[in-house]
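As structure tokens, the structure follows; a few thoughts come after it.
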Amino acid sequence: MHLTTRTAALAVSAIAPLIVSAPAPAPAPAPAPTPVSVHRGAQPAGSYTYRGTVQAVNALTGSFDLIIGVGMSLRLVHISTSPTTLLAASGASLRLAGLKPGDVVRADCRNTPTGLVASRIERVEVPRP
């Protein structure tokens, strides 16, 4: 009996290094990334909605700069308007010159070769403390 136990122990000690050093099976390939447009829901491709604080307004060129939060960072986005851009504040119409730095807005934009162009800009009322 003692001889059999000793033989088994020697066999295990001889085979163990081979089992431990055997290459691991290859991991399964990662799934292909999902296109970003799928995550946007009903928005058409190239359509973006930004919510941020107005930093500057240039009524002569019909554009404004918006500060937005991206993760733990802040970004400055330059947005242009077109003659068909709808501007609103609390349900009433608004002119671009009516926006001032510090206003919080939501801008629905589309990407064009010349940059972002807003199709709708809405000033959001923020409760004052």
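The values are calculated or read from the model by the stated rules, or taken from the named source; none is laboratory data. Computed from a predicted model, the values in this text were never measured in an experiment. Neighbour counts run over all protein chains shown; Cβ positions are idealised from the backbone, glycine included. Quick note on the areas: whole protein, heavy atoms, side chains included, nothing else; ligands and nucleic acids left out. Shrake-Rupley method; radii C 1.70, N 1.55, O 1.52, S 1.80 Å.
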Scan segment 41-63 for residues that are surrounded by 13 or more Cβ atoms within 10 Å (Cβ to Cβ), in contact (Cβ under 8 Å) with a residue 60 or more places away in the chain and not hydroxyl-bearing (Ser, Thr, Tyr) and jot them down.
-> ARG51
Being open to solvent by 90 Å² or more (accessible area, probe 1.4 Å), closer than 14 Å to ALA118 by Cβ and either outside any loop (DSSP other than H, G, I, E, B) or touching a Phe, Trp or Tyr at 6+ places or on another chain (Cβ under 6 Å) (or both) narrows LEU86, LEU66 down to just LEU86
When segment 88-127 is checked residue by residue, the ones that are without any contact (Cβ under 8 Å) to a residue 40 or more places away in the chain and aliphatic (A, V, I, L, M) are ALA88, ALA89, ALA92, LEU94, LEU96, VAL117, ALA118, VAL126
Hey, ALA8 outside any loop (DSSP other than H, G, I, E, B), open to solvent by less than 90 Å² (accessible area, probe 1.4 Å), modelled with pLDDT under 90 and on the phi < 0 side of the Ramachandran plot or not | yes
